[in-house]
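**Student:** Before anything else, here's the structure in question.
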Amino acid sequence: MIGKQLLRSATSVGANYRAACRAKSNADFISKMGTVEEEADECLYWMELLAEAKLVQPEKLQPLMAEADELVAITVSSINTAKARKT
């Protein structure tokens, strides 16, 4: 069940990023990137649960969690840049 939730949120990151790249306006881009941020953070949540439940060894998840954390940071930076251009 947790694995399915992780799969859903992980694939949503890519789908929403693709949609953001085709945004019709700056506001649309910011909105879609907000969803990317939420879904990437949700991936972290599910991976934390997998580790805490001892369903997956934490050391196997660590590189994926680090990458998801980087994606969240990059996404937040992109949103902030888009917001700065808006004003």
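The values are calculated or read from the model by the stated rules, or taken from the named source; none is laboratory data. For clarity, every value in this text was computed on a predicted model and none was experimentally measured. Every residue, glycine as well, gets a Cβ built from its backbone with ideal geometry; the counts of neighbours run over all protein chains shown.
**Student:** Quick test for you: out of A20, A27, pick the one residue that is in a helix (DSSP H, G or I), at pLDDT 95 or above and within 18 Å of the chain's Cα centre (by Cα).
**Tutor:** Unique residue meeting the criteria: A20.
**Student:** Now for a separate question. So which residues in the range 47-87 are touching a residue at least 12 places away in the same chain (Cβ under 8 Å), surrounded by fewer than 11 Cβ atoms within 10 Å (Cβ to Cβ) and outside any helix (DSSP H, G or I)?
**Tutor:** A53
**Student:** Mind checking whether some residue in the range 27-37 is touching a helix residue (DSSP H, G or I) at 6+ places or on another chain (Cβ under 9 Å), within 23 Å of A84 (Cα to Cα) and surrounded by fewer than 13 Cβ atoms within 10 Å (Cβ to Cβ)?
**Tutor:** yes
**Student:** How many of the residues making up the range 3-26 are within 14 Å of A82 (Cα to Cα) and surrounded by fewer than 15 Cβ atoms within 10 Å (Cβ to Cβ)?
**Tutor:** 4
**Student:** Restricting the first residue to the range 1-28 and requiring it to be farther than 11 Å from A40 by Cα and without any contact (Cβ under 8 Å) to a residue 24 or more places away in the chain, which pairs with a second residue that is assigned to a helix (DSSP H, G or I) and among the β-branched types (V, I, T) meet a Cβ separation below 7 Å and a spacing of at least six or different chains?
**Tutor:** If the second residue must be assigned to a helix (DSSP H, G or I) and among the β-branched types (V, I, T), the pairs left are A20/V36.
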